[in-house]
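Below: one structure, written as structure tokens.
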Amino acid sequence: MASSSDIKGQKIAVLGSGAFGCTLAYLFAGAVSDVSVWTIFPEQEANFNQTHSIEKPIPIKLPSQVSMTTDLEKALTGAQAILFCCTAQAVRDVATKTLPIVNKLAATPPPILVNACKGIELSTFMRMSEILEQVLPGYPVCAMSGPNLAVEMINGLPTAAVVASKTATAAAFVQSLLSVPSYRLYTNDDVCGVELAGALKNIYAIASGCTDGLKLGTNAKAALMARALSEMTRFGAAYGAKPQTFFGVAGVGDLIATCTSPLSRNYQLGFKMSQGESKESIAKQLGEVTEGASTCHAVYESAHKLGIDMPIVDQVKAIIDGEATPADALKSLLSRPVTKE
């Protein structure tokens, strides 16, 4: 593994050309000399090669060291870190495509796999780093998560995130490799907590959007977020995560950002559903996956299987499945028996 003193001039591969993947490519072009974005859309590659610009999250030209390709091997060749920025349900497929290529390239040291997705695989309830470890055994794995709204990041506004790994040297390397002035990275060894926090907060952002859509006020939203943090911590502890992780940047930090900003797609889903719009109509408007909707189903099933009380998750699932309106869900939460905090 390269030392922190010689990281500049290195290459990263960003697997996923959505708004967040392109944002990270833009951001990390300030840290390395070569950023290769892999896309599955030939028309996006052709347009980028012609204009060197993107449309989402905002129309902007990318730095000259950023390239885009549909050729996965070309994207991966020479990369010291591989960032998975696709949707959560696509990670296994992308990792499977990556395996024969990285094995063929046989780089020394091997590239570090960085999960930048926030979700849970529905069919297995596996976290993204667990999928990467299963499909790509022997490669160091990190998870990167935090309050990272793409529009703010690409506009150069400051933020922070956590890079977690079971291997301290891998986390430290990624921290050094990807640090830029507007993006402060902290290291952590609680991969489970960091990933669950990033996935779970999307569920509560849907609830928060509903709260604002119903004009319930700041007090109600603050109470919702406080109880959401309690649910997240309880759920994480059942899976072996450290409770303190949920009180850090990847936990409460990301929860606040996602629950309070209209820039969050999950917040927008909740807000628009509270206005009577359908999931299908909202999906077309947003144009990208709202991970909280799928994550909610996985967490609901798991929580009920383990006997973990998560009333907000229960009501968000009911809203998503059309079993309750946001107003009905609120009544259900408020009618619960009073109890000790």
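The values are calculated or read from the model by the stated rules, or taken from the named source; none is laboratory data. Note that this is a predicted model, so its numbers are computed, not measured. Quick reminder, even Gly has a Cβ in these numbers, built from the backbone with ideal geometry, and neighbours come from all protein chains shown.
Quick notes
- Filter pass, residue 212 being within 18 Å of residue 329 (Cα to Cα), modelled with pLDDT of 95 or more and charged (D, E, K, R): yes
- Any hit, the range 151-161, residues being surrounded by fewer than 22 Cβ atoms within 10 Å (Cβ to Cβ), on the phi < 0 side of the Ramachandran plot and among the β-branched types (Val, Ile, Thr): yes
- Within the range 161-175, the set of residues being in a helix (DSSP H, G or I) and hydroxyl-bearing (Ser, Thr, Tyr) comprises just one member, 169.
- Screening residue 36 with (1) of a type in the set (Gly, Ala, Ser); (2) modelled with pLDDT of 95 or more; (3) over 22 Å from the mean Cα position of the chain (by Cα); (4) closer than 20 Å to residue 183 by Cβ gives one miss only, at (3).
- Residue that is farthest from the chain's Cα centre (by Cα), among those in the range 308-332 that are in a helix (DSSP H, G or I) and of a type in the set (Asp, Glu): 328
- Residue within the range 291-314 that is closer than 18 Å to residue 88 by Cβ, touching a residue at least 24 places away in the same chain (Cβ under 8 Å) and surrounded by fewer than 17 Cβ atoms within 10 Å (Cβ to Cβ) present: yes
- Of the residues 95, 88, 75, the single one that is small (Gly, Ala, Ser) and in contact with a Lys or Arg (Cβ under 9 Å, 6 or more places away or on another chain) is 88.
- Cross-chain or 6+ apart pairs with Cβ under 6 Å, the range 132-151 first and assigned by TED's automatic domain parsing to the domain that holds residue 82 and among the aliphatic types (A, V, I, L, M), then crowded, with 22+ Cβ neighbours inside 10 Å and part of a loop (DSSP other than H, G, I, E, B): 144/116
- Selection within the range 166-182 - in contact (Cβ under 8 Å) with a residue 40 or more places away in the chain and either surrounded by 20 or more Cβ atoms within 10 Å (Cβ to Cβ) or closer than 19 Å to residue 113 by Cα (or both): 169, 170, 172, 173, 174, 176, 177, 178, 179
- Among the residues making up the range 1-17, those that are assigned to a loop (DSSP other than H, G, I, E, B) and modelled with pLDDT under 95 are 1, 2, 3, 7, 8, 9, 10.
- Residue within the range 215-230 that is of a type outside the set (A, V, I, L, M) and under 17 Å from the mean Cα position of the chain (by Cα) present: no
- Failed item in (1) surrounded by fewer than 24 Cβ atoms within 10 Å (Cβ to Cβ); (2) assigned by TED's automatic domain parsing to the domain that holds residue 321; (3) of a type in the set (Phe, Trp, Tyr), with residue 204 passing the rest: (1)
- Among the helices (runs of 4 or more DSSP H) confined to the range 218-307, the ones with at least 1 residues that are among the hydrophobic types (A, V, I, L, M, F, W, C) and farther than 21 Å from residue 324 by Cα are located at 254-260, 279-286, 291-306.
- Some residue of the range 180-190 being under 30 Å from residue 327 (Cβ atoms) and either assigned to a helix (DSSP H, G or I) or in contact with a helix residue (DSSP H, G or I) (Cβ under 9 Å, 6 or more places away or on another chain) (or both): no
- The single condition among (1) touching a residue at least 60 places away in the same chain (Cβ under 8 Å); (2) farther than 22 Å from residue 58 by Cα; (3) within 17 Å of the chain's Cα centre (by Cα) that residue 251 does not satisfy is (1).
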